[in-house]
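Structure first, then comments.
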Amino acid sequence: MKLSSGTAAKAIETNALSKHYNGLKAVDAISLSIDEGTIFGLLGPNGAGKTTLISMLVTMRKPTSGSAKVNGFDITRQADSVRKSIGIVFQDPSLDDELTAMENLELHAALYNVPRQERKERIEELVKLVGLEKHLKMQVKKFSGGMKRRLEIARGLVHHPKILFLDEPTIGLDPQTRAGIWDYIKKLNESEGITIILTTHYMDEADKVCQKAAIIDSGKIIAMGSPEELKNGLGGDIISIKCDAHEGCREKLAGLSWVKAVLKHDGILNVRVEKGEEKIPKLLALMEKNGVNVESVSLRKPSLDDVFLHFTGRTIREDEAKPADAMRLRRKFMRR
Amino acid sequence: MNREIEGIYILWKRELLRFYRSKSRIIGSLGMPFFFLAILGTGLNNVFPMAGGGNYMQFIAPGIIGMVLMFGSIFSGVIVIMDRQFGFLKETLVAPISRLSIVLGKAFGGATTAVLQGVLIMLIALLLGAQIQFGNILLLLFFMLLISVMFVSLGIAIASMLEDMHGFQLISNFLIMPLFFLSGALFPLSSAPWPLSTASMLDPLTYGVNGLRFLLTGQSDIAFGTCLAVIGIFTAVFIGLAIFLFNRIED
Ligand SMILES: Nc1ncnc2c1ncn2[C@@H]1O[C@H](COP(=O)(O)OP(=O)(O)O)[C@@H](O)[C@H]1O
Ligand SMILES: [Mg+2]
C-alpha cells in the first residue's frame, strides 16, 4: 500500500514515445501519464495512431524511440512483468473460433498461469458479468460479433489485470450491444477499481464513459483532460446554422466581437458564442440583413466532436470517408 | 519454468482439440493416402514383385505412412499463417510466455496430430493386407514423432515468412510434392539416374521413409541408425530455423 501525498499512483507514464513506419510518424513523441483507477479514452480518427500507441504499451511492437512504464514496469526491459499485469482486447478479433468459449478462457488462464484451483471460479464469475454463462460450451464461430467482443473482454480479465486495454471495443456492433459493453466497462471500473484504457472514434460514447481523454491526431496528442474540461475549454454554446452561406458571411461573423469562433463544414456554420440563447435572434437578424437563406438553426453545448473540430479544423466523420483511409482499411481487410 | 511448461502444454492441447473438431480435415487428409494404398498398392502388387521377395503393398505402406506424417505436419505448421490472419496469434504473442514455448507447443501439438494420422493410415494399410510387423512399438512411435516434429518446424519456419495463405499453393507444389516423390516412398531411387538419386539423398523424407521401412518390414536401403541420426540433425536445424523466423514476427 503506497501512501502517496495526494498524487495517485500512475498506471501509465510515457516519455516521448514514438513509432515510425518507414518515415511515417504513426506515434510522434507522445508523453502522457494516466492515474490508476481511471477510465481513460484515446480518441481520434482512423489512422491517428491509437492502435500503434496501445501496441507499444502492451509490448506487442517495439518503440522507435522514447520510453514508457506500465504499472511501473518498463515496456522494453520488463516486458514480461508488463504482460502479466495487463489485459488486452485487440481491435481485430483474436479468439480461436474452433474452440468453445470455455476452452478459449481456459487456454488464456493457462497461458497466464492462473492457479488451477481458481480458474473455474474466475471464469464463472466473468462470464456472468458479460452475460455469456449459457454459451460456455458453444464454439466461438457460432457467436455473434457482440458475443465475441464480450467474450474477449471476459478473457482479458481472467488473470485479474490491473489495467485493461480496449482497442475500439464497440466497433462494428449495433447500438444496443455497444451500450451494453460500455455498461460492463463502467461496472468493472467501479467494482474492481481497474484502470481502463480504451480507444474509440465514437466521441459521443467516449464522452459518457471516460473520466479522462486525450484527443490524438497524426500521432500527436492535441488535447487532454476530462470530457467536461475539454468541452468547457471551448467555452460557451454552439449555434449551428444550416444555410447557403458564402465565405463572406463566415468572415463577417468571425469578425464580430461576441463570436468566439466560426467553423464551416458540410454547409453548416458552427458559431461558438457565450449565452447562445440570447445570440440566436441577433444572428438571424444579421443573416437576414445579408440576404442569407437560413434553413434551420440549433443550439447546443459543445461536444467532443466540436473539440476535435476546433483543434484540427475537420470532423472525425469527414476523416472516415477520406479515400486514403478507405484504401488502407481495404488493404487491412485483405490482409486478414 | 513451470509457467513455460504450462504454456507449451495448453498450446499442445489446443492443437489436439482443433484436430478432434475437424473431422472433415482428418478424413480429407486420409483420402489420398488411402487411394494410393488401395489402388497403387493392390493394383501393382502382382506387376512388380520386389527383388527382395516382398510385395509392393509391403513396400509402399511405410512410404505412405511417411507421406501422411509429412503432409499432416507441414500443414499444421503452416496453419500459423491462419492463426495470424484470424488474430489468435496475437493472443499468444502478448501472453507472458516466451516465443520458444509458443513454437514448441505448436510443434509438439502438430506433430502429435500427424502421428495420430500416421497411426490411422497404418491400421488402414494392415486392413488392406500390407504385411507389416510392429517390432518395437515405442521406437516406432518415437521415430514417427521425430519425423513429424521435423516437418512441423519446417512448416512453422515457412509460415513465419508468409503473410497469407496465397503462398501455400506454391509450397504444396514446389516443396511437398518433390519431397514426397524423391523420398523413395513409391519406388526405390537407389538405382535411379544420379541427379535423382543425389536429390533423394538430400531429401529428409528419404530417411524417414527408409527408417519406417526398416521398423515395419525389417528391410531398408539405408541403415536405421543413419536414418535416425540424419532425421535428428534435420529436426534440430528446422526447429532452430522455426524459432529464429518466428521470433521476427511483429504481429
Ligand atoms: N504495420 C504497419 N506498417 C506500416 N504502417 C502502419 C502499420 N500499422 C499502422 N500503420 C500506419 O500507422 C498509422 C497509425 O495507424 P493506427 O495506429 O492503426 O491508427 P488508429 O488505430 O488510430 O486507427 C496509420 O497511418 C497506419 O497506416
Ligand atoms: Mg486502431
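The values are calculated or read from the model by the stated rules, or taken from the named source; none is laboratory data. Values in this document were obtained by computation on a predicted structure and should not be read as measured data. Heads up, the Cβs are rebuilt from the backbone with ideal geometry, glycines too, and the neighbour counts pull from every protein chain shown. These area figures cover heavy atoms from the full protein model, side chains too; ligands, DNA and RNA do not enter into them. Shrake-Rupley method; radii C 1.70, N 1.55, O 1.52, S 1.80 Å.
Residues in segment A:84-120 that are touching a residue at least 60 places away in the same chain (Cβ under 8 Å), open to solvent by 30 Å² or more (accessible area, probe 1.4 Å) and at the interface with chain B (Cβ under 7 Å from one of its Cβ atoms): A:K84, A:D92. When A:R116, A:R149 are checked against the criterion of being closer than 21 Å to B:G87 by Cβ, at pLDDT below 95 and among the charged types (D, E, K, R), a single residue qualifies: A:R149. Say we look at segment B:4-20 and pick out the residues that are closer than 22 Å to B:A95 by Cβ and open to solvent by 50 Å² or more (accessible area, probe 1.4 Å); which of these is nearest to the other protein chains (Cβ to nearest Cβ)? In this case the residue turns out to be B:R18. Please verify whether A:T52 is closer than 27 Å to B:I97 by Cβ and either away from ligand 2 (no atom under 16 Å from the Cβ) or within 17 Å of the chain's Cα centre (by Cα) (or both), treating the condition exactly as stated. In short, yes. When restricted to residues that are within 16 Å of ligand 2 (Cβ to nearest atom) and open to solvent by 20 Å² or more (accessible area, probe 1.4 Å), segment A:180-204 contains 1. Scan segment B:216-248 for residues that are within 12 Å of B:G66 (Cβ to Cβ) and modelled with pLDDT of 95 or more and the total you get is 2.
This table checks each residue for (1) under 18 Å from A:D97 (Cα atoms); (2) within 14 Å of another protein chain (Cβ to nearest Cβ); (3) buried (at least 20 other Cβ atoms within 10 Å of the Cβ).
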{"site": "B:S22", "(1), (2), (3)": "yes, yes, no"}
{"site": "B:M57", "(1), (2), (3)": "no, no, yes"}
{"site": "B:M70", "(1), (2), (3)": "no, no, yes"}
{"site": "B:S73", "(1), (2), (3)": "no, no, yes"}
{"site": "B:I81", "(1), (2), (3)": "yes, yes, yes"}
{"site": "B:F86", "(1), (2), (3)": "yes, yes, no"}
{"site": "B:V94", "(1), (2), (3)": "no, yes, yes"}
{"site": "B:R99", "(1), (2), (3)": "no, yes, no"}
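Do the conditions hold for A:D217, that is, is it within 16 Å of ligand 2 (Cβ to nearest atom), within 18 Å of A:I30 (Cβ to Cβ) and within 14 Å of another protein chain (Cβ to nearest Cβ)? Taking the combined requirement at face value, the residue does not satisfy it.
Just one of the numbered conditions (1) closer than 30 Å to A:T52 by Cα; (2) of a type outside the set (V, I, T); (3) open to solvent by less than 50 Å² (accessible area, probe 1.4 Å) is not true of A:G236: (1).
Considering only strands (runs of 3 or more DSSP E) fully contained in segment A:1-83, which possess at least 2 residues that are surrounded by fewer than 20 Cβ atoms within 10 Å (Cβ to Cβ) and near ligand 1 (Cβ under 10 Å from one of its atoms)? Here the list reads A:10-21, A:24-35.
Annotation: of all residues in segment A:167-202 being among the hydroxyl-bearing types (S, T, Y) and within 16 Å of ligand 1 (Cβ to nearest atom), the one that is nearest to the other protein chains (Cβ to nearest Cβ) is A:T199.
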